[in-house]
Each structure stands twice: as C-alpha cells, then as structure tokens.
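Please read the structure below before turning to the comments.
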Amino acid sequence: MMADLFSLKGRTALITGGSRGIGKMIARGFLAQGARVYVAARKAAQCDEAAAELGKDGGTCFAVPADLSTVEGVRALAAALRARERKLDILVNNAGAVWLAEFDAFPEKGWDKVMDLNLKAPFFLTQALYPELKAAASRERPAKVINIASIDGIFVNPLETYSYHASKAGLIHLTRRMAARLIADHIVVSAIAPGAFPSDMNVAARDNADRVAERIPARRIGTDEDMAGAAIYLASRAGDYVVGATMTVDGGVAYARTGF
C-alpha cells in the first residue's frame, strides 16, 4: 500500500560503520521508520555509546562491535548477529577507510587497508550472512543489501587517494555483479554513492562546509536527512525494483557539473 511505501516496520537491519558519520545517519533513519537496527563498529565503547544514543528516541538499537579488516572479523560479526537473529532483512555495507599519500610515496599498507575494508569486507560479509538474508527474502518482500560507495568511484577527486578511488569504483561494479546473482534469491543489491557529508572521514565537509559547498551545484553539503532518505528508499518497498543500481547523493557533483 502507498501509505506503507517507506515503512521499515518489522524489518531487521545491520549497518556496518554505524556508530558515526553516514552509517549513523542511516541507522537513525531506519529506526525512525520502525526497523530493528544493529550497528557494528570496530571500537566497542563508541559502538555501545552510539547504540544507546540512537535508541533514546524509542527505537530498538543494538551494538555489535566488530573489526571488519579481516575475513575472520567479518565472520565473527556474522556469527554474533546469527546468535541473536534467525533472519536479516537489510544489510548496509558502510564501514570504510581512506588513505592519502602522493603517488610516488603511496604505501602498500595504504592500499591493502583500504581495499580490505572497502571492497573485500562487503563481499565476504554478504556471503557470510547469505543464509540469513535468504531466510528473510521473498518475492513480495525481498531482502536488501545496500553498499555505500562514493562519488570518488565515479569521477576523479583531486586528492591522491588512489586505493580509495579504486575500491569505490570496484564496489560499484561489484554491486552489479552481486545483484545479478542474488536477485534469483529475492535479495536486492544496490548502492549509494555519497558526495560531501560531514564526518570524521570527510573532515573538509565537517569543518569547512561553506567552502566545500562552493564546488557543489546544489551549493550545500549533504544533511542527515539526505542520506537517511536515500537509504530508506532503497531499503523499503519503494526501492524493491531498483536492482544493481548505484544512486548518487551528492548535490550534483558527479553528473550536474560542466566545464573543465
């Protein structure tokens, strides 16, 4: 029904990197729409604090601390969720890292750290939670996997974040490939490519919003509502027919700029 188009009532969601930034924005939006939410983050204390804060408005939010930089950590998170839930309606692969270094000094550890968290972890966490996603999925109400990419995977940011650019471009294409396989199980895979949102990762947008906004066609940085709205759309009935697509949420940076 149209009245329930964006409702998440009765659904369970796991959001990695959910203790801050974009992940926290999405968690708050999901809770407002009635979802039962688990937030995962590497730092246990920060994860617990975020879950407690998010749950203050009456929603049901749990912390599941996890280090997703290794496959072992990914599988440990899946096991922790499995101990509490028989099925999972929504998985948001949001946890990520960035590394900035000049081309001739870019280190291997800066490549591996970013690739492992940004590209490897989303695949193996989805794989590990495949039984729970499949248990929740049906033709009438598919399960959802939402990968958080970046506009840096679509166009070239002037910053020398080589592994970040590559990982996010890879995640966008991985989203398509996973979608092609998992739609047969009524699991819809899609992605969001955020632009400038204030976070610990995007310090420029957080601390110099007005200056960053000058380079954005919409003339502002993203808000909590912008990110939550996009994620709610994809996670809810409204987004059931959006399969394999990457939604840019960037105020027009990737596709509404002209010139050189």
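Can you name the helices (runs of 4 or more DSSP H) wholly within the range 147-260 that have at least 1 residues being touching a residue at least 60 places away in the same chain (Cβ under 8 Å) and either more than 30 Å from Ala35 (Cα to Cα) or out of contact with any strand residue (DSSP E or B) (no Cβ under 8 Å at 6 or more places or on another chain) (or both)? Talk me through it step by step, then tell me what you get.
Numbers: elements: 162-182, 203-207, 209-213, 224-235.
Passing ranges, in order: 162-182, 224-235.
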Requested in this report: Consider only pairs whose beta carbons are under 9 Å apart and that are at least six residues apart or on different chains; among these, list those whose first residue lies in the range 46-67 and is free of Cβ contacts under 8 Å to residues at least 40 places away in the same chain and among the aromatic types (Phe, Trp, Tyr) and whose second residue is outside any strand (DSSP E or B) and surrounded by fewer than 20 Cβ atoms within 10 Å (Cβ to Cβ).
Outcome: Phe62/Gly55; Phe62/Arg84
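Take the conditions among the small types (Gly, Ala, Ser), under 28 Å from Ser138 (Cβ atoms) and modelled with pLDDT under 95 and apply them to Gly59. Does it pass?
Working: among the small types (Gly, Ala, Ser): yes; under 28 Å from Ser138 (Cβ atoms): yes; modelled with pLDDT under 95: yes.
Answer is yes for this residue.
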Report summary line: Scanning the range 71-96 for residues that are without any contact (Cβ under 8 Å) to a residue 60 or more places away in the chain, touching a helix residue (DSSP H, G or I) at 6+ places or on another chain (Cβ under 7 Å) and surrounded by 14 or more Cβ atoms within 10 Å (Cβ to Cβ) gives Val71, Val74, Arg75, Ala78, Arg82
Report task. Within the range 195-247, track down each residue that is in contact with a Phe, Trp or Tyr (Cβ under 7 Å, 6 or more places away or on another chain) and modelled with pLDDT under 85. Result -> Ala205
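The values are calculated or read from the model by the stated rules, or taken from the named source; none is laboratory data. Just so you know, these numbers come straight off a predicted model, no measurement behind them. Counting neighbours? That spans all protein chains shown, and the Cβs are built from the backbone with ideal geometry, glycine included.
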